[in-house]
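Each reported figure results from applying straightforward, stated rules to the coordinates on display, with no laboratory input. Since the structure is predicted, the reported quantities are computational estimates derived from the model, not experimental observations. No Cβ is skipped: glycine too gets one built from the backbone with ideal geometry, and neighbour counts run over all protein chains shown.
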């Protein structure tokens, strides 16, 4: 059975998250329904990473096996036709061999977090940014972010529901930059703990507000206790930006 | 009575347009209701320009007179509080003298038109771009756009419902540029005819598709007949970007 890799973009607002759940519509389910309409068979869609309710994606990865070969461009066009009216779209597709797995073959995930820092609430970007009606010191946040880069026990930034075997992760990068009226936090790692990005953002905002220093972030990390770090930033501002595979280097 | 100038941002999707109408909710009405809640009196809000149903604004101008002085920042914050849950926000405000008029004092309006040119439909930007699932030649569009710059009879780009006294307008600028997956058309003039921007965009897209040349655009302009130019681009991609006043030069 031919296997296809899909790059998926979605607006997370109407969904309970990436993963199929009994309590509402998921991105995975609408993709699987679209695949069923395309090929007439129940097809499992495997994602590169789970996203929570309200979290968006610019480049979520996914793969699926279809009962016959359609051509990657046809798969993309047909899935997009069947995905309507949901705000989910396949923005790229390619055929991959059957040893490829969207989740297990991934060597790096990258996220973007958008914070709108202005007095006026968002209108066009409502639900797509975290609105903080005050200025944040992006430079101080970026300096403090460096404390978290590298291999650490991230228990202080881990949701209690997290199912990972170990709280030790290697954070490849974590940067904070001002982009117009927004602060953008970008980060990448092989994998993240549940809520790790949102908990890191919530903590860095304390630094941006001048309430915490980089040393406070280091202490929070060293405490290995969720209570030691800052609050969880809302889902609204979070975007699964892209996933990287071995062959992307080639 | 103190007069305030407001810079207003909105998502045009839920509205019948800027102007109060009997057939649905307008941006003007929600601003006037917010002003009533602030000061307890019926207040008229005057816009710098009308926008049609579904057209957005990044920087619509408006002014209103309030029965007493509040301070510009207080006006902005209070209006924003009262504007909820509508996707309309006052992003800047300042007190102006009573000779100032948001519409009549304006010396230039600028619009942005966004076209998404990719095979996959928009998700996060649905309703906020014109989606064309094919490539457009931005350079050819930009070359053809120059034909329209300057003082002309724009009858070919004028909606039949247009109430302007004359079809002669001076187009200050009209540019087309590729920005990632999008084509951005930017234009400015003292004032525009009804649907002029959308009709110019619809015509330039014919050029981008290779169906028309710059000479065809020149012929369409010279014909002074709506039937001679291209179709009206949809409201989705249009943004009232900003308005300029005499004092902005100072």
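Measuring from the lowest to the highest alpha carbon on each principal axis, how far does the range B:114-215 reach, largest first, in angstroms?
Here the spans come out as 42, 28, 21 Å, largest first.
Given an 8 Å cut-off on Cα distances and at least 6 residues of separation, report the relative contact order of the range A:108-245 as a percent. Present the calculation step by step, with values, prior to reporting the outcome.
Values: 308 pairs, mean separation 50.3, N = 138.
The normalised contact order for the range A:108-245 reaches 36 percent.
Taking the beta-carbon count within 10 Å as an exposure proxy, list B:246, A:9 from fewest neighbours to most. If you can, show how the numbers build up before the last one.
Numbers: B:246 10, A:9 23.
By the 10 Å Cβ count, ascending: B:246, A:9.
How big is the convex hull of the Cα atoms of the protein assembly as shown, per residue, in Å³? Don't skip to the answer; put the middle values down first.
Values: hull volume 91.7 nm³, N = 500.
For the protein assembly as shown, the hull spanned by Cα atoms encloses 183 Å³ per residue.
How big is the C-alpha Rg of chain A next to the rule-of-thumb value 2.2 N^0.38 Å, as a ratio? Intermediate values should be presented prior to the final figure.
Working: Rg = 18.9 Å, N = 250, 2.2 N^0.38 = 17.9 Å.
Taking N as the residue count of chain A, the ratio is 1.05.
Between Rg and the Kirkwood Rh of the range A:48-130, both from Cα atoms, what is the Rg to Rh ratio?
Working: Rg = 16.4 Å, Rh = 15.6 Å.
Rounded to two decimals, Rg over Rh is 1.06.
For residue A:25, go 7 angstrom from Cα along the Cα-to-Cβ vector, then report the distances to that same point in the other copies in nm, smallest first.
Between copies, matching label points for residue A:25 lie 2.1 nm apart.
With contacts defined as alpha carbon pairs under 8 Å and 6 or more residues apart, what's the relative contact order of the range A:26-129 in percent?
Numbers: 94 pairs, mean separation 27.5, N = 104.
Computed value for the range A:26-129: 26 percent relative contact order.
For chain B, what's the relative contact order in percent, using C-alpha pairs closer than 8 Å and at least 6 residues apart? Working shown, then result.
Working: 583 pairs, mean separation 57.0, N = 250.
Across chain B, relative contact order equals 23 percent.
Which distances, shortest first and in nm, link residue A:95 to the matching position in the other copies, using label points set 7 Å out along Cα to C-beta?
Listed shortest first, these distances are 7.2 nm.
Quick one: check the C-alpha center-to-center distance for the range A:131-158 versus the range B:165-218, whole angstrom.
First find each Cα centre; the distance between them is then 44 Å.
Order these by the 10 Å Cβ neighbour count, fewest first: B:186, B:7, A:74.
Values: B:186 17, B:7 21, A:74 12.
In order of increasing Cβ crowding within 10 Å: A:74, B:186, B:7.
Plugging the Kirkwood radius over Cα pairs into Stokes-Einstein for the range A:3-104, at a temperature of 37 °C and a viscosity of 0.692 mPa s, what D comes out in µm²/s? Don't skip to the end; give the middle numbers.
Working: Rh = 13.3 Å.
So the translational diffusion coefficient is about 247 µm²/s.
Across peptide A:70-78, what mean number of C-beta atoms from other chains lies inside 10 Å of a residue's C-beta? Could you put the intermediate results ahead of the total?
Numbers: counts 0, 0, 0, 1, 0, 0, 2, 3, 0.
The mean count of partner-chain Cβ atoms within 10 Å per residue comes to 1.
Where does chain A land at 222 nm, in deg cm²/dmol rounded to the nearest 500, when only DSSP H runs of n ≥ 4 count, each adding -39500 (n - 2.57), divided by all residues?
Details: 5 runs with 56 residues, N = 250.
After summing the helix terms and dividing by residue count, I get -7000 deg cm²/dmol.
Along Cα-to-Cβ, 7 Å out, sits the label point; list in nm, shortest first, how far the one on residue A:37 is from those in the other copies.
3.9
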